[in-house]
Amino acid sequence: QVQLVESGGGLVQPGGSLRLSCAASGFSFNDYRIGWFRQAPGKEREGVSCITYNYGSIYYLDSVKGRFTISRDNAKNLVYLQMTSLKPEDTAVYYCAARRKACSDSATVYDYWGQGTQVTVSS
């Protein structure tokens, strides 16, 4: 059974921080690139970041550069998204996704998806 399970979302004030986690099981984790996506109400799903099996970050969405950091622990089948200096416009459901081929910012090409975790940034 293939599973990606996100956790760590919640309600935070502007300027706050959250660390999202994605736990993977049921597939060969090391053979997959892992991406983070987000989707706000009324908006298209957008790629936030992606990381390769060799722990290298491929890209960050321009609006999160310098604030978000993606990381991966292959031994534990975990991927993280550390989010700092959060802004109201970061409010969205955040998803992790896995793809056997190269990192992509397109949600349509990923093989596996988690259920999402809500991040709300509001005073």
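The values are calculated or read from the model by the stated rules, or taken from the named source; none is laboratory data. What you see is a predicted model, and the numbers here were worked out from it, not measured in a lab. Please note: Cβ atoms are built from the backbone with ideal geometry, for glycine as well, and neighbour counts cover all protein chains shown. Ligands, DNA and RNA are excluded from the accessible area calculation, which covers all protein heavy atoms including side chains. Shrake-Rupley method; radii C 1.70, N 1.55, O 1.52, S 1.80 Å.
Quick query: amide H of Arg72 versus all other amide H atoms, modeled in the peptide plane; which residues come in under 5 Å with a sequence gap of 5 or more or a different chain?
Residues meeting the criterion, in which the H sits 1.01 Å from N, are Tyr80.
In the chain, carbon and sulfur make up what percent of the accessible area (probe 1.4 Å)?
Carbon and sulfur: 45 percent of the exposed surface of the chain.
Could you give the length gained by full extension between Asp105 and Asn74, i.e. 0.36 nm per residue of separation minus their alpha carbon distance, to one decimal place?
Residue separation times 0.36 nm, minus the Cα-Cα distance, leaves 9.0 nm.
Only four residue types carry charge here, +1 at the Cβ of Lys and Arg and -1 at the Cβ of Asp and Glu. Report the dipole size of the chain about the Cα centre in Debye, rounded to the nearest 20.
160 debye
Please turn the phi angles of the stretch 57-71 into ³J(HN,Hα) values with the Karplus equation 6.51 cos²θ - 1.76 cosθ + 1.60 (θ = phi - 60°), one per residue in order, whole Hz, x for glycine and proline.
Each residue of the stretch 57-71 in turn: 6, 8, 7, 10, 4, 3, 6, 10, 4, x, 10, 10, 9, 9, 8 Hz.
Plugging the Kirkwood radius over Cα pairs into Stokes-Einstein for the chain, at a temperature of 37 °C and a viscosity of 0.692 mPa s, what D comes out in µm²/s?
Roughly 232 µm²/s, to the nearest whole number.
Tell me the net charge near Gln82. Cut-off is 11 Å between Cβ atoms, Gln82 excluded, with +1 for each Lys or Arg and -1 for each Asp or Glu.
After counting each charged neighbour, the total is +2.
Any lysines with Cα under 29 Å of the Lys43 Cα? List them, leaving off those in the same chain fewer than 8 positions away.
Lys65, Lys87, Lys101
So if I take the centroid of the Cα atoms in the stretch 13-42 and the same for the stretch 76-94, what is the distance between those two points in Å?
A separation of 7 Å, based on Cα centres.
Rounded to the nearest 10 Å², what accessible area does Arg33 show when all protein chains are kept and the probe is 1.4 Å?
Counting only protein heavy atoms, Arg33 exposes about 60 Å² to solvent.
List the equivalent ellipsoid semi-axes of the stretch 70-123 in whole Å, largest first, each obtained as the square root of 5λ for an eigenvalue λ of the Cα gyration tensor.
Computed over the stretch 70-123, the values are 23, 15, 10 Å.
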